[in-house]
Every structure is written in C-alpha cells, then in structure tokens.
1. Between residues in the stretch 43-54 that are under 21 Å from residue 88 (Cα atoms) and residues that are of a type in the set (Phe, Trp, Tyr) and open to solvent by less than 60 Å² (accessible area, probe 1.4 Å), which pairs lie under 6 Å by C-beta distance while being six or more apart or on different chains?
2. Please work out which residue is farthest from residue 87 (Cα to Cα), limiting yourself to the stretch 29-67 and to residues that are polar (S, T, N, Q) and out of contact with any strand residue (DSSP E or B) (no Cβ under 8 Å at 6 or more places or on another chain).
3. Filter the stretch 33-55 down to the residues that are among the hydrophobic types (A, V, I, L, M, F, W, C) and part of a loop (DSSP other than H, G, I, E, B), then identify the one that is modelled with the lowest pLDDT.
4. Pull out all pairs, ordered by first then second residue, where Cβ-Cβ is under 8 Å, the residues are six or more apart or on different chains, the first lies in the stretch 80-93 and is at pLDDT 85 or above, and the second is open to solvent by 90 Å² or more (accessible area, probe 1.4 Å).
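The values are calculated or read from the model by the stated rules, or taken from the named source; none is laboratory data. In this text, all values refer to a predicted model and were calculated from it rather than measured experimentally. Cβ: placed from backbone, ideal geometry, glycine included. Neighbour counts: every protein chain shown. All accessible areas refer to the heavy atoms of the entire protein, side chains included, with ligands and DNA or RNA removed. Shrake-Rupley method; radii C 1.70, N 1.55, O 1.52, S 1.80 Å.
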Amino acid sequence: FPIFGPCWAQKAHMDDHPEMYMKVDANNDVDKLEPGDIFVTCNSGDHIYLYIGEMEGAHYQASASFNHRTGEHFASVYFTDGYGNNGATRIYEVYRRINQ
C-alpha cells in the first residue's frame, strides 16, 4: 500500500494489484468485514479508514488525517457519510488484502 499519496493513487494501487487486494461486497453488513479491511472513497472529499474489528459488542475503525490529526480509533463503521465536498454523501468501497 502506498505510504503517501492522494486517495485516488492509493485506490488505483489496490485496483491495479488484484493479486494483493480484492474488493469486498459487504452490502452495508459489518458481519461480512474482517479486521484490516480498507474503506476508501475518492469522490466528493477523499477519505480512507481501516476496519479494526469487533470489541465488546461494538465495531471499530481507525483513521488519521495528514497534517491534521494523529491516528485514532472509535466505535463506528460507516459505508457512507455526509462529509464530502459541500456536504455531499461519500460512498465507501471496501478492499481486503489477500496476499502478503
């Protein structure tokens, strides 16, 4: 996974390497997720976060922002959000690393 770069470059890396990453059709169902799954949206405001897994009955994610805040984790998994450009809905695609 590229260490740094715009969201579209990181998504393109996953799309260009199907031997390493597969797209997960989770259909908004957290039960289909595995720890380490990568959520990415590159339209209407870029964002990437990682699914950590379930702990004590809650599903957790981890994210950080370049030059804005350090890494954090919290009880939340969202497949869409309203934080895109001008309040647009961002739709996340989910990827899974399949080959180390």
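1. 49/39
2. Filtering the stretch 29-67 for residues that are polar (S, T, N, Q) and out of contact with any strand residue (DSSP E or B) (no Cβ under 8 Å at 6 or more places or on another chain), the one farthest from residue 87 (Cα to Cα) comes out as 67.
3. Once the filter is applied, the top-ranked residue is 42.
4. 80/91; 90/83; 93/23
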